[in-house]
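Scroll down for the structure; my scribbles are underneath it.
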């Protein structure tokens, strides 16, 4: 894989998809449909998906693209592949809360090597550069050339006073019970894959997720986290988290800054 090209193409496609999403977000009304699993899907999901899929197919014609909105891709597999969630946080989008993201990742041998996460309503753009270092870009987000960036690195946690981030739409008692095992200084909630980015940026130490997710929900943000020195492990046994699993389904997981003393699942 040409990582320089990958970084440029995925960054541009994420920004273009973000523009498309914001056009619909700022319109007076948009249609919300239900998928077979009862989760919502909007015309913004579909428009962003079409744009990103076409752009990736043109730039990387020999690489499998798996995307949330194209069910046929969910039965395909490859050792190395691109995986897309064109609009993560559809519930946040529908409620006009702004905490939704565009996600594009490249997986190699089960590991998310590169990723871009763009939160268009928040004006935050996170990605791994050609070297694999995670940066947050500031400025005008010009499509043809990156603006100023700052390298991101996870914090050095204080296990007596951790900052924990949890889901806005998917908090439950099991999650709260697990978080209660830690000495927590403060908690914040965020929507979509932004939770990973807060850990990557040193704005949180720990993000446990005890709920169903799919690989396209996590891959790009996992790459962003890893490129900032963070880790993501399975919740049950703290082993490495991998991609390309059957059906692209995830187990429960913990994303964290190394140095957090992880508590057992039970």
- Note on the structure: Computed, not fitted: 222 nm per-residue ellipticity of the chain from DSSP H runs ≥ 4 (each -39500 (n - 2.57)), nearest 500, equal to -8500 deg cm²/dmol
- Message: Restricting to bridges with both residues inside the stretch 162-256, how much of the DSSP beta-bridge set is antiparallel, in percent to the nearest 5?
- Response: 60 percent
- Task: Can you tell me the FRET efficiency between residue 5 and residue 77 if r is taken as the Cβ-Cβ distance and R0 is 30 Å, rounded to the nearest 0.05?
- Result: 0.80
- Length gained when the stretch residue 108-residue 237 is fully extended (0.36 nm per residue, less Cα-Cα span): 44.1 nm
- Can you pull the one-decimal nm distance between simple spin-label points at residue 19 and residue 150, each 7 Å off the Cα toward Cβ? 2.7 nm
- Restricted to the chain, the DSSP antiparallel beta bridge percent, nearest 5, is 75 percent
- Cα→Cβ-extended label distance, 7 Å offset, between residue 50 and residue 96, nm: 2.5 nm
- the chain - Rg (one decimal) and Dmax (whole number), Cα, Å: 17.3, 50
- Message: At a threshold of 8 angstrom on Cα-Cα distance, excluding pairs fewer than six apart, so keeping six or more, what relative contact order does the stretch 162-256 reach in percent?
- Response: 30 percent
- Message: As I understand it, the value is the acute angle between the Cα axis of helix 3-25 and the longest principal axis of the Cα atoms of the chain; what does it come to in degrees, rounded to 10?
- Response: 80 degrees
- Taking Cα atoms, the helix 215-227 axis meets the longest principal axis of the chain at an angle in degrees (rounded to 10) of 70 degrees
- Message: How tilted is helix 43-59 with respect to the longest principal axis of the chain? Cα atoms for both, answer in degrees (0 to 90, nearest 10).
- Response: 70 degrees
- Quick calc of log₁₀ I(q)/I(0), the stretch 162-256, Debye, one scatterer on every Cα, no solvent, q values 0.17, 0.21 1/Å, result -0.67, -1.06
- Task: Would you mind pulling out the separation of the Cα centroids of the stretch 213-227 and the stretch 143-199, in Å?
- Result: 14 Å
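Can you tell me what share of the DSSP beta bridges in the stretch 3-151 is antiparallel? A percent to the nearest 5 is fine.
For the stretch 3-151, the DSSP antiparallel bridge percentage is about 90.
No lab work stands behind these numbers, since they all come straight from the coordinates. Here the structure is a predicted model, which means the values were calculated and not measured. Because the Cβ atoms are built from the backbone with ideal geometry, glycine has one as well, and the counts that use them run over all protein chains shown.
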